[in-house]
Amino acid sequence: MEVMVNKTRLSLIQGDITRQETDAIVNAANPSLMGGGGVDGAIHRAGGPAILEECKRIRAERGPLPTGQAVITTGGNLKARFVIHTVGPIWGGGSSGEPELLASAYRESLKLAVAKGLSSVSFPSISTGAYGYPLHLAAKAALEAVMSFLEENTSLREVVFVLFDPGAFSTYCQTLNELLPEG
């Protein structure tokens with residue numbers, strides 16, 4: 001599924017984010033930046049040790065990465081030149097600022113991509129794995145945050161949501177359809 005938001009192509013695909021050929025892929029990292037399970041582990045494994053080395057350096061300088069913030073490293077052995085690491089919120093029922101923190105994770109990732117002069121970014125579904133964020137709520141927060149950012153900023157050529165399984169892909173497609181203006 002593909003739509004234009006301002007001057008940017010927004011696409012939803014089912015696939016493996018570690019194989020994307022965009023300028024940057026986004027990693028749903030944990031605050032330690034040391035790799036982990038799910039998408040985080042897959043990106044570290046596919047990208048090789050260069051990513052972890054940069055993550056260790058960043059952590060030594062800044063400490064743990066706060067929820068909703070983002071940092072950028074090399075893409076190592078990935079097709080993407082860069083990895084933007086962001087920390088999504090752990091779902092606690094929705095009354096502890098989770099929607100705002102999730103939106104911030106997407107916004108801060110996009111801001112880093114723009115600041116770095118990149119033209120294309122691929123996102124996973126942040127916080128919907130081990131962090132337990134309900135998929136339909138995460139899809140709405142993610143798509144609203146990205147579409148809002150793209151309405152204000154025209155420097156990105158392409159933003160892709162890479163959904164790993166058919167259920168996530170279907171949920172994101174349905175949510176995007178609901179968010180589009182009637183036309």
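The values are calculated or read from the model by the stated rules, or taken from the named source; none is laboratory data. Fair warning: this is a prediction, and the values are worked out from it, not measured in the lab. As a convention, Cβ positions derive from the backbone with ideal geometry for all residues, glycine included, and neighbour counts pool all protein chains shown.
For this structure, a couple of remarks:
- Segment 118-171, residues that are assigned to a loop (DSSP other than H, G, I, E, B), at pLDDT 95 or above and aliphatic (A, V, I, L, M): L118, I126, L156
- Only one of the numbered conditions (1) out of contact with any Gly (no Cβ under 8 Å at 6 or more places or on another chain); (2) crowded, with 21+ Cβ neighbours inside 10 Å; (3) of a type outside the set (V, I, T) is violated by G47, and that is (1).
- Residue count, segment 82-95 (criterion: over 17 Å from S120 (Cβ atoms) and either in contact with a Pro (Cβ under 7 Å, 6 or more places away or on another chain) or surrounded by fewer than 24 Cβ atoms within 10 Å (Cβ to Cβ) (or both)): 7
- The set of residues in segment 21-39 being surrounded by 21 or more Cβ atoms within 10 Å (Cβ to Cβ) and of a type in the set (D, E, K, R) consists of D23 alone.
- Among the residues making up segment 26-61, a single one is of a type in the set (V, I, T), out of contact with any Pro (no Cβ under 8 Å at 6 or more places or on another chain) and within 18 Å of S127 (Cβ to Cβ): I43.
- Odd one out for K79, checked against (1) surrounded by 22 or more Cβ atoms within 10 Å (Cβ to Cβ); (2) closer than 15 Å to I17 by Cβ: (1)
- For segment 10-51, residues that are touching a residue at least 40 places away in the same chain (Cβ under 8 Å) and among the charged types (D, E, K, R) total 4.
- Hits in segment 62-114 - residues which are of a type in the set (A, V, I, L, M), touching a strand residue (DSSP E or B) at 6+ places or on another chain (Cβ under 6 Å) and outside any loop (DSSP other than H, G, I, E, B): A70, V71, I72, V83, I84, V87, A105, L112, A113
- Options V146, V114; residue that is touching a helix residue (DSSP H, G or I) at 6+ places or on another chain (Cβ under 7 Å) and over 17 Å from A29 (Cα atoms): V146
- Number of positions in segment 1-15 that are part of a loop (DSSP other than H, G, I, E, B) and either in contact with a Lys or Arg (Cβ under 8 Å, 6 or more places away or on another chain) or more than 15 Å from A145 (Cα to Cα) (or both): 3
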